Structures are given as structure tokens and as C-alpha cells.
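K.L.:
Please read through the structure below; I'll follow up with questions.
The values are calculated or read from the model by the stated rules, or taken from the named source; none is laboratory data. Bear in mind that the values here come from a model prediction, so they are computed numbers and not experimental data. Ideal geometry is used to build each Cβ from the backbone, glycine not excepted, and the neighbour counts take in all protein chains shown.
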Amino acid sequence: MEDNVKLAETLLQRVAELGKTSFELAKLKALDKTADVVSSFVPQFIVMMLIASFTIFFNLGVAFWLGEILGGIFWGFLVVAGFYGLVAIAIYLFMRKWLKRIVSNYIIKQALR
């Protein structure tokens, strides 16, 4: 009878250890996926910031140049702003779902990799 009790206690200890080990493994897998996804975003974020900086300075140059041509600096900025307003409206009306699908698919691929 005592052998059965010791066997049951040993079995319970092993089950508890298995549960702890499984939990630790799940935590480590989640940490690995999170680190992978975040680390893939960092280089892309840096590139996007450089592209954004280029775009800002390029647009300032175009706005000042158009302002000189049109006879007032503010006209150049209005033309550039109007251009981006039209682009934003076109993207919102025609490409919103397409862009959402691309971004969603990218995030899912990064998480499942």
C-alpha cells in the first residue's frame, strides 16, 4: 500500500514538473517570436525614418521653388499640400483595403515565422 502512495506522489511530482517545464517552454517560445517580430521592425523603421526625412526636405524644396515661380512662398506650400491631399483622398477611396491586407499579411508572416 505504501508503495502505491509513494508511486502516486512521485507521479504527481513529475506531472507538476512537466507543467512547470511546459509553461516555461511556452514563455520562451512567446519571447522568441516577440523578439523576432520586433527585431524585424527596427531596420524597417530606420529606413522609413530616412525616407520620411528625405521626403520632408524634398517637399520643402519643391514648395519654396514653386513659391518663387508663382510669386509667393505660400502658393508653393498650398500646391504641395493640395497634391498630398489629393493623394490621401485617392488612397483612402481606392487603396485602403489593399494596404490593410498587405500590412496584416506581413505582420502575420512575421509572427508565424
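K.L.:
Kindly indicate which of I51, I46, I91 is surrounded by 11 or more Cβ atoms within 10 Å (Cβ to Cβ) and of a type in the set (A, V, I, L, M).
P.N.:
Answer to the selection: I91.
K.L.:
Can I ask one more? Regarding S40, is this residue modelled with pLDDT of 90 or more, out of contact with any Gly (no Cβ under 6 Å at 6 or more places or on another chain) and small (G, A, S)?
P.N.:
no
K.L.:
Still on this structure: Quick one: would you say A30 is in contact with a Phe, Trp or Tyr (Cβ under 6 Å, 6 or more places away or on another chain) and assigned to a helix (DSSP H, G or I)?
P.N.:
For A30, the condition - in contact with a Phe, Trp or Tyr (Cβ under 6 Å, 6 or more places away or on another chain) and assigned to a helix (DSSP H, G or I) - is not met.
K.L.:
Residues of the range 20-37 being of a type in the set (S, T, Y) and modelled with pLDDT of 90 or more, which ones?
P.N.:
Of everything in the range 20-37, those that are of a type in the set (S, T, Y) and modelled with pLDDT of 90 or more turn out to be T21, S22.
K.L.:
Kindly check whether there is at least one residue in the range 60-78 that is in contact (Cβ under 8 Å) with a residue 24 or more places away in the chain and either surrounded by 11 or more Cβ atoms within 10 Å (Cβ to Cβ) or β-branched (V, I, T) (or both).
P.N.:
no
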